[in-house]
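Just so it is clear, none of the values below were taken in a lab; they were calculated from the coordinates. Predicted model, so just to flag it, every value in this text is computed and none were measured. In this analysis, Cβ positions are derived from the backbone assuming ideal geometry, glycine residues included, and neighbour counts consider all displayed protein chains.
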Amino acid sequence: MNVACGYTIPIMLYGIPPSPENHLQAMEIVGKAGFRGLELELYDELIPEHRRDIGQMKAILQRYGMTVPSVMAVEEKMFSPNPQIKAKALRDFDALTDLIVELGSPLVAICGYMPPEIRPQGTQLYVGGPPTAVVVGDDFSWDRFWANAVDVARQCAAIAERKGLTLLVETRANDVFSSTDAVMNLLKESGANNVGVILDVAHVHAGKEYLALVIPKLGRLIKLVHLSDNDGTNAYHYPPGKGIIDFRAVIRSLKKAGFDGTIIVDTSCKMDHIVEEALKARDYYQRLIAEVQA
């Protein structure tokens, strides 16, 4: 296993989404800090700017010897059942995956963002996180919504496969697919082979699922891991030691499950010196990886 910096760090520095200029600056900051891997996010609303800046992104990665283990394709309307919105989202996903290939990442990730038909009512627990409550219209049909979501996942997987990418869905409490079983069912029903999950440990813990069971259940579907801490009451993303997650046990379970990919420092909370805190978290996770036996 290796440890990389999560895009939560640029978000905490500059907000969401960071401007194209701040996106590049954040990449510089992370590289100068000594990280050799950086998870990125690219946004559908910024595709022209991302395309314009792709050369600069690649230059920064080369300058600091960084790789990009995964890129989140941020499309908040992706799972809308509206045919026009859905078609545009898939075109945007196609465009974003072209950029992801250029960045050398093997993984493209999506989240189960609430589409316009599911209206957020609660607040976000952290910047970029899902809402804590939602409301739907009287004409909402879960069966239609689910069938559409499966079709979106199927089409995204097909787009990714044509470009040699693996499609990941992140496990996030309070998302449309708010349990690991829901994510697994989505991927199974898509019928795609080039799929997997981002195991977000803080979200799974806050969703009252047992990590000791979730990790072996997901098994080889786990392609990337987000690590941050909380007390299990809500999906806060604290540095390790600020909550009650047993990271030693998590690392042991991951090794038993055969995971040998990238661990992402996913801290997302207001604090001074966020980059320094991310480095401390990286060093802590790296020590555990070295010490813990399967």
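Note down the net charge around Val195, summing +1 for each Lys or Arg and -1 for each Asp or Glu among other residues with Cβ under 10 Å from its Cβ.
+2
Tell me, what is the percent relative contact order of the chain, built from C-alpha pairs under 8 Å that lie six or more residues apart? Each step should come with its number before you reach the end.
Details: 557 pairs, mean separation 55.8, N = 294.
So the answer I get is 19 percent.
Over the chain, with a single point scatterer placed on each C-alpha, what log10 of the ratio I(q)/I(0) does the Debye formula yield at q = 0.07, 0.08, 0.14 1/Å?
With no solvent term, the Cα-only Debye profile gives -0.24, -0.31, -1.04.
Compute the projected area of the convex hull of the Cα atoms of segment 110-178, averaged over all viewing directions, and report it in nm² to one decimal place.
Averaged projected hull area, Cα only: 5.2 nm².
So, in Å, what gap is there between the alpha-carbon centers of segment 71-112 and segment 186-245?
If we compute the Cα centre of each part, the gap is 22 Å.
Based on DSSP H runs of at least 4 residues, each adding -39500 (n - 2.57), what is the mean residue ellipticity at 222 nm of the chain after dividing by all its residues, to the nearest 500 deg cm²/dmol?
Mean residue ellipticity, 222 nm, calculated: -14500 deg cm²/dmol.
If each of Lys217 and Glu21 carries a label point 7 Å out from its Cα toward its Cβ, how far apart are those two points in nm?
About 4.7 nm separates the two model spin labels.
What does the extension gain come out to for Arg162 and Met1, with contour length at 0.36 nm per residue minus their alpha carbon separation?
So the chain would gain 55.2 nm between Arg162 and Met1.
Are there chymotrypsin sites (Phe, Trp or Tyr not before Pro) in segment 190-294 that DSSP marks as loop and that have at most 13 other Cβ atoms within 10 Å, and which are they?
Tyr210
Across the chain, where is the longest run that never hits trypsin sites (Lys or Arg not before Pro) in a DSSP loop with at most 11 other C-beta atoms within 10 Å?
Counting at most 11 other Cβ atoms within 10 Å as exposed, the longest clean stretch of the chain is 1-207.
Under 16 Å from the 7 Å Cα→Cβ point of Asn194, by amide nitrogen: which residues of segment 107-137?
107-110
If one puts a single equal scatterer on every Cα of segment 73-123 and applies the Debye formula without solvent, what log₁₀ I(q)/I(0) results at q = 0.15, 0.26, 0.31, 0.32 Å⁻¹?
-0.46, -0.97, -1.17, -1.21
I need the calculated FRET efficiency for the pair Ala290 and Asp139, taking r as the beta carbon distance and R₀ as 51 Å, to the nearest 0.05.
Working from the Cβ atoms, E equals 0.40.
Between Leu13 and Lys208, what length in nm is gained on full extension when 0.36 nm per residue of separation is reduced by their alpha carbon distance?
Answer, rounded to one decimal: 67.2 nm.
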